[in-house]
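As structure tokens, the structure follows; a few thoughts come after it.
The values are calculated or read from the model by the stated rules, or taken from the named source; none is laboratory data. In this text, all values refer to a predicted model and were calculated from it rather than measured experimentally. Heavy atoms of the whole protein, side chains included, go into the accessibility calculation; ligands, DNA and RNA do not. Shrake-Rupley method; radii C 1.70, N 1.55, O 1.52, S 1.80 Å.
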Amino acid sequence: MPTLHKSFAFLALLIVLTVIEEAVVGLFHGRSIAASLRDLAGRRLEETLAGFLIMLLVLVPYFAFRVLGEALGEGRLMRMFFFEREPIEPQ
């Protein structure tokens, strides 16, 4: 569960930052904040939701590996993936 909690919390942060970015870009181009946000949630709603879904699909494995790395111990997951290991002999 920590993986999903962290993923959704970070997704919420990314959504807030996306809204702020759209508002600032709109102001920079001489549009009002309301017009910028209306465009984000209006014509491009499907595109916006698809972008958020892709963000979530990237965040879940990211936080899964972070949680797994914490459970295995400091640096162990990194060593398992990126450094050569000796094969384990069957007993």
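The phi-based Karplus calculation (6.51 cos²θ - 1.76 cosθ + 1.60; θ = phi - 60°) puts the 3J(HN,Hα) values of region 64-72 at 4, 5, 5, 5, 4, x, 5, 5, 6 Hz, whole numbers, x for Gly and Pro. In region 1-70, inverting the average of 1/r over every pair of distinct C-alpha atoms gives 13.3 Å as the Kirkwood radius. Only helices enter this figure: runs of n ≥ 4 DSSP H residues, each worth -39500 (n - 2.57), summed and divided by the residues of the chain, yield -26500 deg cm²/dmol at 222 nm to the nearest 500. Backbone geometry of region 54-62 corresponds, through the Karplus equation with coefficients 6.51, -1.76 and 1.60 at θ = phi - 60°, to 3J(HN,Hα) couplings of 5, 4, 4, 5, 7, 6, 4, x, 4 Hz, x marking Gly and Pro. With protein chains left intact and a 1.4 Å probe, residues in the chain average 81 Å² of accessible area per residue. Atom-type composition of the exposed protein surface of region 1-86 places 70 percent of the accessible area on carbon and sulfur (1.4 angstrom probe). Largest GNM mean-square fluctuation among R66, R79, R38, using the chain with Cα springs under 10 Å: R79.
Highest GNM mean-square fluctuation among F52, F63, F28, for the chain modelled with Cα contacts below 10 Å: F28. How would you classify region 34-91 from its alpha-carbon gyration tensor, with a ≥ b ≥ c the square roots of the eigenvalues: rounded for a/c under 1.5, else prolate if a/b is greater than b/c, otherwise oblate? Because a/c hits 1.5 or more and a/b exceeds b/c, region 34-91 counts as prolate.
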